[in-house]
Amino acid sequence: MRKAALAATLLAGPLAAQAPQPAQIDYAAERAAIARFQDADQRLQDVGWRLARANAPFCLSIVPSIGLQLQDMASYGVPAIARKALGLTGDFAVQTAARGSPAALSGEFPRNREIARLVTLDPNTLPAATRFEWKRLAKVHGHIGAMLTEHGDIAITFADGETARVQPVEVCASRFELMGDGDKAVADGTRVVIGIGFPAFAYPEEEVFAALVAHELAHNALGHDAWLDSKGRSDRNVRRIEREADRLVPWLLANAGYDPAAGPRFMRRWGKAHDSGLKMRRKHEGWDERAEHMEVELALVRDFMAREGKADWATHFRREITPER
Ligand SMILES: [Zn+2]
């Protein structure tokens, strides 16, 4: 579903008419709309990578990754327009290479560079719906992950005929996905999904934005979705896992080289502006309490960082729940 809303946004302008003539389409505007989405996605991927990479030594579940994310033109409402706007002949191109990742360090994956083959697979040959297709891209990302696990590297061939071979590094097993609309942030066990309208996207400081991403990554790293599946999603259970995710935020931030105090800073800023809402209050504690829970962890985290150079939460973090094995 992730691209559908973006496509709708893209189509709101020149393509609102049912059968637009090619001459009526403002390709520069389409390109700019895609670029705005990609800028936000890049921000999310950079922060997500830094957190997932730095905390890999403590995550129970880790995967090899090169930090590359692709885009599939079939996910747009009118794939032909997206293709033409980006100057592609096929459907697949680079979306982001996370800052500091093997893909980024190789210098081979600038945005929108067209992809022809992943080892031997031409992703264009996989079946797709004619528009708003989103499963195919997930399948292709799964294929990249499988190649990295099996072979310890991957050869990616571009439409210009060049091939790049990249070796992965280990990261906590969680993908980060930007949604084209909405202002929600959720974690489903394997993915962190953040709506482009989430208020933290407007925060200029990377580390305050990172605190939001760290909270969602904490849900996945601590196995919260599976625990709720087994114990039930009562308000009380949800409050417990929310508190646990909040408390882990300073640990995740510190390992990634961010100021762990960005956790409570995020909570106070976000809370003051967006708290209230009865539903929110039943499932979460008040934002001031949540910030205080984070602050309690700060002393511990700073102490471990000073003594050991790492905040080993796998060993030293006090759990609120007993996770499913
Ligand atoms: Zn949460």
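The values are calculated or read from the model by the stated rules, or taken from the named source; none is laboratory data. Computed from a predicted model, the values in this text were never measured in an experiment. Note: ideal-geometry Cβ built from the backbone for every residue, glycine included; neighbour counts use all protein chains shown.
The table for this structure:
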read-out: Index of the failed condition, residue 181 passing every other in (1) modelled with pLDDT of 95 or more; (2) more than 15 Å from the ligand (Cβ to nearest atom); value: (1)
read-out: Matching residues in the stretch 221-235 - criterion: being of a type in the set (A, V, I, L, M, F, W, C) and either more than 12 Å from the ligand (Cβ to nearest atom) or surrounded by fewer than 12 Cβ atoms within 10 Å (Cβ to Cβ) (or both); value: 221, 226, 227
read-out: Which numbered condition residue 296 misses (of (1) at pLDDT 95 or above; (2) exposed (fewer than 15 other Cβ atoms within 10 Å of the Cβ); (3) within 16 Å of the ligand (Cβ to nearest atom)); value: (3)
read-out: Residues of the stretch 128-159 classified as in a strand (DSSP E or B) and touching a residue at least 40 places away in the same chain (Cβ under 8 Å), total; value: 4
read-out: Any hit, the stretch 48-58, residues being at pLDDT 95 or above, more than 14 Å from residue 175 (Cβ to Cβ), in a helix (DSSP H, G or I) and not small (Gly, Ala, Ser); value: yes
read-out: Subset of the stretch 236-267 [farther than 14 Å from residue 320 by Cα, within 15 Å of the ligand (Cβ to nearest atom) and touching a Lys or Arg at 6+ places or on another chain (Cβ under 6 Å)]; value: 267
read-out: Some residue of the stretch 249-269 being assigned to a helix (DSSP H, G or I), aliphatic (A, V, I, L, M) and surrounded by fewer than 16 Cβ atoms within 10 Å (Cβ to Cβ); value: no
read-out: Out of 64, 22, sole residue that is of a type outside the set (S, T, N, Q) and at pLDDT 95 or above; value: 64
read-out: Flag if residue 290 is modelled with pLDDT under 95, part of a helix (DSSP H, G or I) and farther than 26 Å from residue 172 by Cβ; value: no
